[in-house]
Structures are given as structure tokens and as C-alpha cells.
């Protein structure tokens, strides 16, 4: 929660009026000449509680009128990022990641991508998988749990043996095109070369550039297994970055880097919305007012 | 300008004194008077006019009739003026005091006694000469009603000195005030025959639970808020009672007779009923 501020700070001028009035324009109560009462000091009563409740209610009502607010990150910030994960599901992904690691590149990347999705609380996240063709596993959504579940249920080779990387990139631009998010990001994870599809690299790049989509390209596996030059080119042209991941840890680091790079942007541009707090001083003010009235009734002044 | 109530006070007092009161001040001293005392043998030098010839013939010895002397009383009223008289629920205490002055003054005039009034606070506010004229009583009533009250405070030392040194002849001294303070009357009670008349309002002794009030003290003129609730009334009444007991025991010790007249009472009835019983 950020610091508190007032929507109508000028209302506090009223308090100055109250203070000034209490000093200079006090209502003159009707005074009675009664002997002896004041001569006995023990009989003079001054109710401090009455004074406290009166001024507490005044201050609280003015506080409520000035409308205290705090700025909290708003839900509209979800539109700041739209992240599309492009997952290579070609058959080659079933091979192990790293020399000693028995787990396949696919299982590893599935797991890490799923946890990455869960981290992106305020983002619109979608998943495109590509093999011989590219298709939308889940469109852009805020339902991160569902998206993570879908990713974890993917199987390698589900879209064929080959890799239609450009098709996936193009499909991602089409999906992100209609999204109103300020920052559009595609995370392209592949372990091979573009060997299938109908979209050329130029067409895919043009689409990416025209939609201002930032592509973070991740080459998974050993160098040479994937088209490093193309991935670098795509990342460079789109304003993103290219990462290599030859182990599970490297892949985790890569996603963390991407997460950090996009989070900083998100914070800087995250809009906030005002949370109204007037009801709290209003409640206290009413309680104090009731207390004051009660005390005055008890004193017989009302 | 004649203060409000002056005419009413004079009329009422005149009606009471000249319409209802009878008799003169009796004295136990034998002398020239009409109150028969005894028949006794003539002593050389006595007034021959008082010889009772019939009794002398019966006894064979010259007898004289003796009478109680009718004494001229010097009635002096000391009105103690302070701010506290500026109060009263049914009538103001000052008005009651004025009526008492009227009743005492007129009854003195009726009995051909000397009457004088002095109004004192911390200084002498008014002093009349001892007189047997009714006009002087009227002036005394007027001056009492016109006495400035607010801010006035009684100086008992001054009152005592005045009674001792300024009232030269031993007198019947009526001191009228509310006597909420401990007085200093011991010395003057030895010189004069002192009767204290306390003029009070019931509210002063036992206030009602009126709630919060802005009160101004008529002596100090200080203002403050006072909450007159049940607890307050209880404590105030208890303290007041305790204080009054102390004053009464002091007056009793000094042998001073006291009459208390409340503002809702008829001063004539209370005054002469009590005085008659003394």
C-alpha cells in the first residue's frame, strides 16, 4: 500500500474555521447569577471527555470529507503485458537436456514455463505450440492455472516431427494484434530449425515488427542443434533478447531474466487506482458524536 | 427613580405595623410609665403626685404607686450587603431584606423608639441618623433597595469595628444578611443586644438538579460551568449543612438570637412570631 493522500485537501480549511470559531465566536451561554456554587471548588465540574469527543467527531468528519485515499496497483495493469509462449513440441524435444540429465527438454521446458506463467500474475498469457504446424493451445487469458495445466498436459510430437517456427511466430502476432496491452511479448522456445510451415521468415519478422512484439528467443539444447543465427535475428529485430539454455538451471535462469526484464517495465507503467478510506473516519466520527451527545444529555445540557 | 417593589414594601409594612401591631416596648425598670408595678411606702424625695391616698389612709402610712418605666430603645439595623443578595427564586433576597428593614423601622417609629440603618459591605455604603421620623424609615427602605450588590463582599472586621465604635449607644442591633460565612459578632454582642436575621433562599441550601449551567458568582463575578446533578446536590447540601451547623453553634455560643427568613416566607409573620417567642 502506498502512502495516503487526500482527494479534497482544501476541506481541512473547515477545521481552521472551527478552531477560529471556538476562540473568537463562541456562543455566549446564558449565565445565571447563583451564589456559593463557585465558592466551593469541589463542585465545579469540567467534562474533559465531552471536549475530547466533540473535537474528535469534528476532526473525523473533516477527515472523511477530505476523502483520504491510498493508491493501490489496479487490475487495469493486467493490460500492461500480454505474453505469448511459443513452445516447440517437435519430436526432437523428447531428447534429454544436458549430458547427464535424463529428463527431456520438453518436460523441463513444460515445467519451467508453467511456473513462469504462474509468476506473471498481472499478465495476459497465451500458449502456442508448434511442430509441423502451429496451433493455439490456449488463447490469451488471465486464467493462469488453466494455462499452466494445459502446458503440463502437452506431449512431444503432438504437432508432428518437424518445426514450423515462423508459422508459430506469425500466429502469435495475429493473436497479440487485437490485444490492447502496452507491452506484447513472445517467448519463443525451440530446439531446432524452421523445417515446416507456410510463412517465410521475412513475413514473420514484418508481422512481429509491425505489431511491436518483443520476442525473447530461447535456444534449448546444445549449440548447433537450433538455428542460433535466426533466433538472434528475430530477437534483435523485435527488440527482445536471445538466450541459450543447455541445462535445466540455465533455462530457469533464462525465464527469471525475462521475468525481471518485463517486471521492471510493468512497475514503471503500472497504473494505480484509488482506494477510498473515508468510511473509517466517518465511523469513528459518528461514534464520537454519539458519545458527545450522550455525555451532554447526561450533563443535562441538551 | 423609585425601585420596583418599593411602594409595595412600604404599603405592606405600614399595614402590618399600624394595622395589626399593638403595645409598646415594656421595660422592667420602674419609672415613668403606665405599666403598674407595685404599691410601696413613700421614700423621701419621690414625686408626690404618685402618692396613693386611698392606700395611705388604709395603712396609716404614706404609700406610692410605682410603674414600670417605658424605655426608649435605640434600634439599629445593620444591613450586610454583598453580591449574594442578588438572588432569589420567588423574591430577591434584597427585597426581603428591604421589607425587614421596613417592618423593623416602622415598628420602632410606632413605639417612639429611635431607628437607624447602616448598610455595610467592605465599606460603609449608607448610614442614617437615629430618628423617630417615618420619612427616615422610607429613605432607609429606598437605600436598601438601591444598594449595589454585584461584586460587593462583606468585611467582617470592618463590620465589627463599625458596630463597636460608630454605634456609640448600646442598642438593639438587628444584623441582616445571609450568613453563609462565619461571622465575627462576639465583641459587638457584648456591647449591644444582637439579633441576627438570616435572609436565605431554599435553593441556596439545597439546589435542584438542573443539569449544566453557566454560573456567575455575584461576589467574585467569575464565570464557570457547573453541572447540577444529583451527586453534586448531595455533596453540596451536605457541605452546606455542615457549615451552617458550625455557624449556628458559634452564634449560640455568643448568645446571639437568630431568625431565618426564607424568600418564600412572609417576613412579618416570621419576624414577629419569632421575636414574640424570644
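What follows is calculated from the coordinates using simple rules that are stated; it is not laboratory data. Nothing here was measured: the structure is a model prediction, and the numbers come from that model. All Cβ positions, even for glycine, are placed from backbone atoms using ideal geometry, and neighbour counts span all protein chains on display.
Using only atoms on other chains, find how many Cβ atoms lie within 10 Å of each Cβ of peptide B:227-239 and report the average. Don't skip to the end; give the middle numbers.
On the way: counts 10, 6, 4, 0, 1, 6, 1, 0, 3, 5, 0, 0, 4.
Mean partner-chain Cβ count within 10 Å for B:227-239: 3.
Let a ≥ b ≥ c be the square roots of the eigenvalues of the Cα gyration tensor of the range A:72-223; is it rounded (a/c under 1.5), or, if not, prolate (a/b larger than b/c) or oblate? Each step should come with its number before you reach the end.
Values: a/c = 2.02, a/b = 1.27, b/c = 1.58.
It is oblate, given that a/c is not under 1.5 and a/b is not larger than b/c.
Using only Cα atoms and rounding to the nearest 10 degrees, what angle (0 to 90) does helix A:201-210 make with the longest principal axis of chain A? Relative to chain A, helix A:201-210 is tipped by roughly 10 degrees. Can you tell which of B:190, B:198, B:50 shows the greatest fluctuation in a Gaussian network model of chain B with Cα springs below 10 Å? Top of the fluctuation ranking is B:50.
Please arrange A:252, B:96, B:48 by counting, for each residue, the other beta carbons lying within 10 Å of its beta carbon, fewest first.
On the way: A:252 16, B:96 27, B:48 9.
Fewest-to-most Cβ neighbours within 10 Å comes out as B:48, A:252, B:96.
Look at B:214, B:16, B:138, B:157 and count the other Cβ atoms within 10 Å of each Cβ; fewest to most, that gives B:157, B:214, B:138, B:16.
Determine the relative contact order of chain B: mean sequence separation of Cα pairs under 8 Å and six or more apart, normalised by residue count, in whole percent.
Numbers: 486 pairs, mean separation 49.7, N = 278.
Normalised by residue count, the contact order of chain B is 18 percent.
By DSSP, what percent of the beta bridges with both residues in chain A are antiparallel, rounded to the nearest 5?
Details: 14 of 40 bridges.
Of the beta bridges lying entirely in chain A, close to 35 percent run antiparallel.
For the options B:18, B:174, B:115, a Gaussian network treatment of chain B with springs between C-alpha atoms closer than 10 Å singles out B:18 as fluctuating the most. For chain A, the longest principal axis of the alpha carbon atoms and the long axis of helix A:279-299 meet at an angle near 20°. Sorting A:115-127, A:136-148 by their mean Cβ neighbour count within 10 Å, with the most densely packed peptide first, gives A:115-127, A:136-148. Based on alpha carbons, the Rg and Dmax found for the protein assembly as shown are 55.3, 182 Å. Indicate the gyration tensor shape class of the range A:145-245 (rounded, prolate or oblate), computed on the Cα atoms with a ≥ b ≥ c the square roots of the eigenvalues: a/c under 1.5 is rounded; otherwise a/b larger than b/c is prolate and the rest oblate. Rounded.
In chain A the Cα-Cα distances spread across 10 Å bins starting at 0 as 6, 22, 22, 10, 8, 9, 9, 7, 5, 3, 1, 0 percent of all pairs. Considering only A:232, A:198, A:26, the Gaussian network model of chain A with Cα springs below 10 Å gives its largest mean-square fluctuation to A:26. In this simple spin-label model, placing a label point 7 Å from the Cα along the Cα-to-Cβ direction at both residue B:146 and residue A:118 gives a separation of 10.4 nm.
Counting only other chains, what is the mean number of Cβ atoms within 10 angstrom of the Cβ of each residue in peptide B:201-214? Intermediate values should be presented prior to the final figure.
Details: counts 2, 0, 3, 4, 1, 0, 4, 0, 1, 3, 7, 10, 9, 7.
Averaged over the peptide's residues, the number is 4.
Helix B:267-277 against the longest principal axis of chain B: what's the angle in degrees, Cα atoms only, rounded to the nearest 10? Helix B:267-277 and the main axis of chain B meet at about 50 degrees.
Centre-to-centre separation between the Cα atoms of the range A:153-198 and those of the range B:127-164: 117 Å. When the Kirkwood radius is taken over all Cα pairs of chain B, what Stokes-Einstein diffusion coefficient follows at 37 °C and 0.692 mPa s, in µm²/s? Calculated translational D: 157 µm²/s.
When you look at the Cβ of every residue in B:241-253, what mean number of other chain Cβ atoms sits within 10 Å?
Working: counts 0, 0, 2, 0, 0, 0, 0, 0, 0, 0, 0, 0, 0.
Per residue, the average neighbour count from other chains is 0.
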